[in-house]
Amino acid sequence: MERALPLPPCENDSLLEIRNLSKSYSGVRVLSNVSFSLKKGTVMGLIGENGAGKSTLIKCLNGVVSPDEGTILFDGKAYTQMTIQKALSLGIVTIPQEFTLAEHLSVRDNIFLGCESKKAGGLFLDHGKMRNTARELLERLGCSVSPDVIAGELNVAQKQMVEIARGLNRRCRLFIMDEPSTVLNSAETEKLFQVIARLREQGVSVIYVSHKLREISAICDAFTVLRDGKYITARETAGTAPREMANLMVGRELKDIYPPKIPLPPPDAECILSLQDVSEETLVKNVTFSLAKGEILGIAGLGGAGRTELAEGIYGIRRFVSGKVFFKGKEIRITSPEEAVKAGIAYIPEDRQKSGTVGEFPLAWNITLVSLAEKYCRMGFIGEKKEESAAEKYIAKFSIKAPSGRIRMNELSGGNQQKGVLAKSLDTAPSLFIFDEPTRGIDINSRSEIYFFIRSLAEKGTACIVISSDLEEIIGLCPRTLVMREGRIAGVLENDHINEKEIMYLATGIQQQENSWNPSQTPNARP
Amino acid sequence: MEPLTDAKRPALKNFLARNRPFIALVVLLTACAISNEYFRSPQNLVNITRQVACSGIAALGMTFVIIAGGIDLSVGSLLAVAGVGGVLCMNEIGSPYLAVGAAFLVPLLIGLAGGAFNGFLVTVGKIPSFIATLGTLSIYRSLSLYFANAGTVSSSNEIFREVGNCVLLGIPLPTWVFLALAAVFGIILKHTAFGRHVCAIGSNENASRYAAIRVRMVTFGTYVIAGFCSGVAAFLFSSRLNSISSTNAGLSYELDAIAAAIIGGTSMSGGKGSIAGTVAGVLILGIISNALVMWNAPVNLQGLVKGAVIIVAVLIQTRRTKN
């Protein structure tokens, strides 16, 4: 237990104080004796690895679950549990990762959903009043969206602002933002920070949950660390380096999570993939690059730069409408994932839940999903022993934390699921492996393991493409990286030239750099 | 290999949860057998299996379609048009043996074609399965009315009738066919790559596409199976009476088939289900109808009981997914 009882009485300027909150799910303790307090008009970061108890804590605060023990003091009043209605009426509003807007309703109707203004004795909706209030709220946030637009037509950043405006309309006093920046690009994140700063000035408190420690440093007054469901510490942000935060999160001194960088392959290395002036229906325009055997090539860029579209084109999910693709020296035209897999291309999609896993299937079935018919069937019948032993092999190889291959996929943590996804693609023995955001939402240990896995693949001669929005990942892993902007390759960086500044210049186009890339130095660059 | 249900729950609870339809079947059978002497006569039990065979075969195909995330409302109409087509062709052929061959093959081909058309609409036309098969439900029924002049088509081929009514080892042909198809489809669903892919598509179609599964082909295949089942059922249906009514044959079979699949534990949202469960569901529905007759329950209230059973089955299913 990290904190002795009893706690000092609630200070006057604290909005929220949590005392000894505990919660168990079917016997497993996910929160134990968590206590902390939050002052009015401050922003508090809540950090911790996956499974540290952040989501459960949030759910206790917004009334989705009831804590087993402990007290929540909000504005001086004590509650042993919240309900969703009570939390809302107190002004505790959660901005979830998945937005909850009614897509077919207008921004105005969304903002007033459940608390509509009425006129004529409550019979009719007061559209005029609602429109004006909605406009005022959006203006307060510096958001230029019209209240009459249909919510489904907004981009994610705008939807997030509408969610916040909706909270303000309910006289929100505490915003809980769950990883709000994961869906935003850096410009949008910057804007969100301005909004948070404005909210703070207006006396609203914010609990900001994030993996991104640099954001915690930038926006939060203080931060609280959870680890394994326990309160670890709460500190002022000023004077704490992100590195120290990371150490507090994992509970030990972090070693370097990246393997030593693999060198660029020699100029005469075999060319695995070469794209010439390739364009895709929606976004990708005139892309030319090549990739050698055993190379790790990064693709950096902002969200919407066409990186995923490019990868999906190579994998046959999308169609290239012009240009040529050469694979192992031969021109190929791939129109479906089946053809891609047959040719020897593997793709790890960015959205693990939606595209990477079948959550209801056992882990073993997920691992053999692609190669089932080819490797595990005789005369069309599944060899279940063979399948099971292959699954065991991969569970050991990737040190997946699972009792057996029979455990349901969605019962595993994100990191272990992702390892299962890697195993699935590895089982097809590809010669080109495309990773799209391979470590999104994954704890630090699994992340490191995945980096070492990618490096060992490349050492054995597999060509790897790593698409990532995490600049550190690109910098730490790739000896060469493309930077995409608006569907085109804005530049190519190598070795020492790969740094945050240059990548951001190329990705945003704000300040064009002298290009460090010289085609004659690049292996297999075609004229 | 079965997925682990829930490691934290006691083994008995897991066993009960996994075998709900079979337990319900045994309880129902026992209760009816004890309470009614006519019900428990072997002849009656055999009759039940024959009565449910045709809609049961349709339910087997329906199980594949629903697990893959679709629905097929046209199975009953397809049965009618396949049966009408079969009998009409048979009547055109002189040789009685050849005619019986035609009466077997023609419904099968019509069934396969009708199923393929459904599959085509859903996979290539990208029409939601409910709408597509609602359309073909009307089309197939209308075709059967047209070819039969909205009446009954009969044959006078005695061999045909004999085949339809033949009894092997005390068990009528339709029951045999139902059980044989159930065994074959059970193996296909559980032990082949195709079956696994059907479950994967129903569970997460997008992930299946990224996993290089031929989503369209497999989905198409489920409708073809459903059509095949309608064809087989049409043959059994028409041969038993040596005639088929274009208006009544297969009427509301789609509802019985869907109900049987759901009572048997198939998830309406796809991804989960078993042939054994569907067989249990078919038998449960058959036993209920039969027992109500034995107890002299008002005929018009039979639908009420059936509906209640379906609702309870779905209630249990949704409660299970919530937990």
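The values are calculated or read from the model by the stated rules, or taken from the named source; none is laboratory data. All values derive from a computational prediction rather than experimental measurement. Glycine gets a Cβ as well: all are built from the backbone with ideal geometry, and neighbour counts include every protein chain shown. These accessible areas exclude ligands, DNA and RNA; they are computed on the full protein's heavy atoms, side chains included. Shrake-Rupley method; radii C 1.70, N 1.55, O 1.52, S 1.80 Å.
The table below gives the values:
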| item | result |
| --- | --- |
| Relative contact order (percent, whole number), the stretch A:91-150, Cα cutoff 8 Å, 6+ residue spacing | 37 |
| For residues of A:377-389, the mean tally of beta carbons on other chains within 10 Å | 3 |
| Ordering of A:171-180, A:112-121, A:462-471 by burial proxy (mean other Cβ atoms within 10 Å per residue, highest first) | A:462-471, A:171-180, A:112-121 |
| The protein assembly as shown: Rg to Rh, with Rh as the Kirkwood radius over Cα pairs | 1.03 |
| Relative contact order (percent, whole number), the stretch B:60-151, Cα cutoff 8 Å, 6+ residue spacing | 41 |
| Given charges at beta-carbon only (K, R positive; D, E negative), |dipole| of the protein assembly as shown in Debye | 1440 |
| Relative contact order, percent, chain A [alpha-carbon distance under 8 Å, six or more residues apart] | 14 |
| Chain B - mean residue ellipticity at 222 nm from DSSP helices (-39,500 (n - 2.57) per run, n ≥ 4, rounded to 500) | -24500 deg cm²/dmol |
| Averaged over A:332-338, number of beta-carbon atoms from partner chains that fall within 10 Å | 3 |
| Note, ³J(HN,Hα) from phi for the stretch B:20-27, Karplus 6.51, -1.76, 1.60, rounded to Hz, x at Gly and Pro | 3, x, 6, 5, 4, 4, 5, 4 |
| Shielding score for B:208-221, defined as the mean number of other chain Cβ atoms within 10 Å | 6 |
| Furthest towards positive pole of dipole, A:Ile257, A:Pro430, A:Thr368, structure part chain A, Cβ charges | A:Thr368 |
| Under-5 Å amide H pairs with A:Phe433, H placed in peptide plane, nonlocal only | A:Ala346, A:Ala463, A:Cys464, A:Ile465 |
| The protein assembly as shown, accessible surface, carbon-and-sulfur percent (1.4 angstrom probe) | 57 |
| Highest to lowest packing among B:195-201, A:429-435, A:69-75, scored as the average C-beta count within 10 Å | B:195-201, A:429-435, A:69-75 |
| Residue with peak Gaussian network fluctuation, chain B [Cα springs, cutoff 10 Å], from B:Pro42, B:Pro96, B:Pro107 | B:Pro42 |
| Square roots of five times the Cα gyration tensor eigenvalues for the stretch B:52-261, Å | 30, 19, 13 |
| Reach of A:Lys397 by Cα under 20 Å, taken over lysines that are not fewer than 8 positions away in the same chain | A:Lys375, A:Lys385, A:Lys386, A:Lys419, A:Lys424, A:Lys460 |
| Packing-based order for B:295-302, A:30-37, A:355-362, using average beta carbon neighbours within 10 Å, highest first | A:355-362, A:30-37, B:295-302 |
| Helical segments meeting 15 Å axial Cα length and Kyte-Doolittle 0.0 threshold in chain A (DSSP H) | A:444-459 |
| Rg to Rh, two decimals, where the stretch A:269-309 supplies the alpha carbon set and Rh follows Kirkwood | 1.01 |
| Cβ-based charge dipole, chain A, positive-most Cα from A:His127, A:Ser279, A:Gly414 | A:His127 |
| Dipole moment magnitude, nearest 20 debye, the stretch A:359-421 about Cα centre, only Lys, Arg, Asp, Glu C-beta charged | 200 |
